[in-house]
Amino acid sequence: MLGLKLATDPAWVNIAEKTIEDILTDHAYCEQKAASNGISIIIKYPDKQRLVDEVTSIVAEEWGHFRKVLKELEKRGYKFGHKRKDEYVNELLKWIRKSGNNKEQMLDRLLVCAMIEARSCERFRLLSIHIEDDELKKFYHEFMVSEAGHYITFIELAKEYEKEEIVMSRWEQMLEYEAELIYSLSPRGDRVH
């Protein structure tokens, strides 16, 4: 369904499991950043009514996820910890056309959001299947389902404001770019991405 060109090695879960406090902390920041990003999209494109409506719902859900991950950290006796640079997201943002017109930039931004949600969904799926902790299996299954829904929403929003063939052509380019990015990054067990 996601169409990712380079799958995460399931062994990532073994590394992540050993640094679960770091994973949960990074996950909390990912949810917070997703909510903040959604707000900035609404502010940038207030005239796109469907986008505003759909992204407002996503923002509310992402903020709820942030709170849920904070509660999980607290339940396990972990501290929230410090924010870390998200090299993956920063590199994806470079893919957005700077010289493009407003419509092209909006398309790229929606596709970057879809990609982040797709990769998160894939990683949460791995955690929901392979992690030893049964509570975290259930925890991450719920997040996987939610991220899949967000991925679909961002793709559908892109199609709302641009021709489908243009969206899918650009999405294919994004998939190739992201696969190269994943290949170039060192696998990190202390990060979601």
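The values are calculated or read from the model by the stated rules, or taken from the named source; none is laboratory data. Everything numeric here is computed off the predicted structure, so don't read it as measured data. In this analysis, Cβ positions are derived from the backbone assuming ideal geometry, glycine residues included, and neighbour counts consider all displayed protein chains.
Numbers for the structure displayed
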item	result
First in the range 86-100 and touching a residue at least 24 places away in the same chain (Cβ under 8 Å) and over 13 Å from Lys33 (Cα atoms), second anywhere and of a type in the set (Gly, Ala, Ser) and exposed (fewer than 12 other Cβ atoms within 10 Å of the Cβ), Cβ under 9 Å, 6 or more apart	Glu91/Ser184
Residue list for the range 71-89, filter: in a loop (DSSP other than H, G, I, E, B) and either closer than 24 Å to Cys113 by Cα or touching a His at 6+ places or on another chain (Cβ under 7 Å) (or both)	His82, Lys83, Arg84, Lys85, Asp86
Selected residue (criterion: surrounded by the most Cβ atoms within 10 Å (Cβ to Cβ)) from residues of the range 44-61 that are touching a Leu at 6+ places or on another chain (Cβ under 9 Å) and outside any helix (DSSP H, G or I)	Tyr45
Where a residue in the range 37-62 is over 15 Å from Glu117 (Cα atoms) and its partner, wherever it lies, is outside any helix (DSSP H, G or I) and at pLDDT 95 or above, with Cβ under 6 Å and at least six apart	Leu51/Tyr45
Answer residue from the range 72-83, given it is under 15 Å from Asp26 (Cβ atoms) and loosely packed, with under 12 Cβ neighbours inside 10 Å and is farthest from the chain's Cα centre (by Cα) among those	Lys79
The range 103-117, residues that are buried (at least 23 other Cβ atoms within 10 Å of the Cβ) and either among the acidic types (Asp, Glu) or at positive phi (or both)	Glu117
Any hit, the range 38-50, residues being touching a helix residue (DSSP H, G or I) at 6+ places or on another chain (Cβ under 9 Å) and under 23 Å from Arg125 (Cβ atoms)	yes
Neighbours by Cβ (under 6 Å, 6+ apart or cross-chain): first from the range 64-75, more than 12 Å from Ile20 (Cβ to Cβ); second aliphatic (A, V, I, L, M)	Phe66/Ala28; Leu70/Ala28
In the range 118-141, the residues that are assigned to a helix (DSSP H, G or I) and exposed (fewer than 14 other Cβ atoms within 10 Å of the Cβ)	Ile129, Asp134, Glu135, Lys138
Any chance Lys68 is surrounded by fewer than 18 Cβ atoms within 10 Å (Cβ to Cβ), out of contact with any helix residue (DSSP H, G or I) (no Cβ under 6 Å at 6 or more places or on another chain) and either of a type in the set (Asp, Glu) or part of a helix (DSSP H, G or I) (or both)	yes
Criterion: under 20 Å from Leu111 (Cβ atoms) and either crowded, with 16+ Cβ neighbours inside 10 Å or not aliphatic (A, V, I, L, M) (or both) - qualifying residue of Ile23, Ile41	Ile41
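Let's see how each residue does on (1) at pLDDT 95 or above; (2) basic (Lys, Arg); (3) under 13 Å from the mean Cα position of the chain (by Cα):
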site: Thr8; (1), (2), (3): no, no, no
site: Ile20; (1), (2), (3): no, no, no
site: Ile23; (1), (2), (3): no, no, no
site: Asp26; (1), (2), (3): no, no, yes
site: Glu31; (1), (2), (3): yes, no, yes
site: Pro46; (1), (2), (3): yes, no, no
site: Val55; (1), (2), (3): yes, no, no
site: Glu62; (1), (2), (3): yes, no, yes
site: Leu70; (1), (2), (3): yes, no, no
